[in-house]
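The block underneath contains the structure these notes are about, expressed in structure tokens.
The values are calculated or read from the model by the stated rules, or taken from the named source; none is laboratory data. Treat the numbers as computed from the prediction; the structure is a model and nothing was measured. We place every Cβ from the backbone using ideal geometry, glycine too, and count neighbours over all the protein chains shown. Surface accessibility is based on the protein's heavy atoms, side chains included, excluding ligands, DNA and RNA. Shrake-Rupley method; radii C 1.70, N 1.55, O 1.52, S 1.80 Å.
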Amino acid sequence: MGNQKYISTTALSKLLHVSTSDLFSYLQEIGWMERVENAWTLTNTGTNKGGQYKSDSLRGTWVVWPDTIIRELESMRSSKTTDTKYLNATVLSQILKVSKLRINPILSELGWLERARKGWILTNLGESIGGKQLEYEKTGIPYVTWPESILNNKSLIETFKQINGEFFDERDETPNEVDTSFRDKFPAKHRAADGHVVRSKAEMLIDNWLYMSEIVHAYERKLPIEEDVYCDFYLPVGKVYIEYWGLENDSKYIERKKSKLEIYRKYGFNLIELTDTDIQNLDDVFPKKLLRFGIQAY
């Protein structure tokens, strides 16, 4: 290696005053390193920047960098937005006053995360609100950190109000005109077997079918997005939304349907659509639609 002094990535992280895991993640982000079979390896760019491999019989093989790289990395990191503070699940749970074991399942319920075989994977929706996908250096287990701005997210605030028993008045929210007129026109007055009060006999049949099939479900759950939109039913297992389309000859209803379908497509939500024809054959139709999302009805 000549007269050039080389230092390990761990030593480099100390000189840059960042954690080793954050530095590895940053080097991966800028394309100097990549994770291959649970080991950090140099990319062509990393090699061109002076990165090399060093090894011995005790510690195996690791990556070292020329000490002259410190100034370049400091300059690159300072040129990035440094105001954004990221919070991991533990810190987030402390701020929101819930068990750290509950925080990721709650974020998963919002559609921001997906459980991996080990760890958690960021969804497209989670990425859109600023989540960063990372992994633990020693184990390679994936995890996600969140920008501090997530604490002002409307969906997160509403979810924790509900969890803590703090109810908010929907009339204070900015209404979706098409959705609101529909809900006013068809008040909930049909009581299903599980106690849900729904808006039509068809929805009552859907609710009863889910209840008798022992499938946990919510009625008229707000979608975990900034837009003020409600689904007909929501299944936590599989994170599946259900929409029953019953007024296909009503122009305003068709407009409402088109608007809602665009939102489901926009966020990539799992959606089951049911029509009047399906309602007449729920025992045949529903299990097949559910099975597409890994939900067994019987």
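Residues that are in a helix (DSSP H, G or I), among the aliphatic types (A, V, I, L, M) and modelled with pLDDT of 80 or more within region 170-228 comprise Ala202, Met204, Leu205, Ile206, Leu210, Met212, listed in sequence order.
Within region 230-245, the set of residues being at pLDDT below 90 and either crowded, with 21+ Cβ neighbours inside 10 Å or of a type in the set (A, V, I, L, M) (or both) comprises just one member, Val237.
Just need a number here: residues in region 231-280 that are among the acidic types (Asp, Glu) and either closer than 25 Å to Val216 by Cβ or assigned to a strand (DSSP E or B) (or both).
Restricting attention to region 231-280, the residues satisfying the condition of being among the acidic types (Asp, Glu) are 232, 243, 248, 250, 255, 262, 273, 276, 278.
With the extra rule that they be either closer than 25 Å to Val216 by Cβ or assigned to a strand (DSSP E or B) (or both), the set shrinks to 232, 243, 273, 278.
Total satisfying the criteria: 4.
Reported count of residues in region 200-228, each being of a type outside the set (D, E, K, R), under 25 Å from the mean Cα position of the chain (by Cα) and surrounded by fewer than 17 Cβ atoms within 10 Å (Cβ to Cβ), is 2.
Taking the conditions (1) assigned to a helix (DSSP H, G or I); (2) modelled with pLDDT of 90 or more in turn, Thr145 satisfies each one other than (1).
Which residue is modelled with the lowest pLDDT, if the candidates are limited to region 109-121 and must be within 25 Å of Ala39 (Cβ to Cβ) and aliphatic (A, V, I, L, M)? Spell out how you get there, then give the answer.
Looking only at region 109-121, we keep the residues that are within 25 Å of Ala39 (Cβ to Cβ), and these are 114-121.
If we keep only those that are aliphatic (A, V, I, L, M) too, we end up with 116, 121.
On the way: Ala116: 85, Ile121: 92.
If we take residues in region 109-121 being within 25 Å of Ala39 (Cβ to Cβ) and aliphatic (A, V, I, L, M), then Ala116 is modelled with the lowest pLDDT.
For region 2-46, filtered to residues that are touching a residue at least 24 places away in the same chain (Cβ under 8 Å), more than 25 Å from the chain's Cα centre (by Cα) and part of a helix (DSSP H, G or I), the residue that is surrounded by the fewest Cβ atoms within 10 Å (Cβ to Cβ) is Leu15.
For region 246-286, the set of residues classified as within 32 Å of the chain's Cα centre (by Cα), polar (S, T, N, Q) and open to solvent by 80 Å² or more (accessible area, probe 1.4 Å) is empty. Scanning region 8-27 for residues that are among the hydrophobic types (A, V, I, L, M, F, W, C) and over 15 Å from Trp40 (Cβ atoms) gives Leu15, Leu16, Val18.
Beta carbons closer than 8 Å, at least 6 apart along the sequence or on distinct chains, pair a first residue in region 226-249 that is in contact (Cβ under 8 Å) with a residue 60 or more places away in the chain and more than 19 Å from Val198 (Cβ to Cβ) with a second that is charged (D, E, K, R) and open to solvent by 10 Å² or more (accessible area, probe 1.4 Å) for Glu226/Lys154; Lys239/Glu109. Of the residues contained in region 122-139, one or more are found to be of a type in the set (Val, Ile, Thr), more than 26 Å from Arg221 (Cα to Cα) and modelled with pLDDT under 90. Mind listing whichever residues of region 47-66 are open to solvent by less than 100 Å² (accessible area, probe 1.4 Å) and over 36 Å from the mean Cα position of the chain (by Cα)? Gly50, Gln52, Lys54, Ser55, Asp56, Gly60, Pro66, listed by residue number.
Would you be able to say whether some residue in region 78-87 is within 30 Å of Pro236 (Cβ to Cβ) and of a type outside the set (Gly, Ala, Ser)? Even if it seems obvious, please write down each step before you answer.
Applying the first criterion (within 30 Å of Pro236 (Cβ to Cβ)) to region 78-87 yields 86-87.
With the extra rule that they be of a type outside the set (Gly, Ala, Ser), the set shrinks to 86-87.
Within region 78-87 (the criterion being within 30 Å of Pro236 (Cβ to Cβ) and of a type outside the set (Gly, Ala, Ser)), the answer is yes, since at least one residue qualifies.
The rows are residues; the columns are (1) in contact with an Asp or Glu (Cβ under 9 Å, 6 or more places away or on another chain); (2) acidic (Asp, Glu); (3) within 29 Å of Ser128 (Cβ to Cβ).
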position: Lys239; (1), (2), (3): yes, no, yes
position: Ser259; (1), (2), (3): yes, no, yes
position: Leu271; (1), (2), (3): yes, no, yes
position: Val285; (1), (2), (3): yes, no, no
position: Leu290; (1), (2), (3): no, no, yes
position: Ile295; (1), (2), (3): no, no, yes
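For region 122-138, residues that are free of Cβ contacts under 8 Å to residues at least 12 places away in the same chain and under 16 Å from Arg35 (Cα atoms) total 1.
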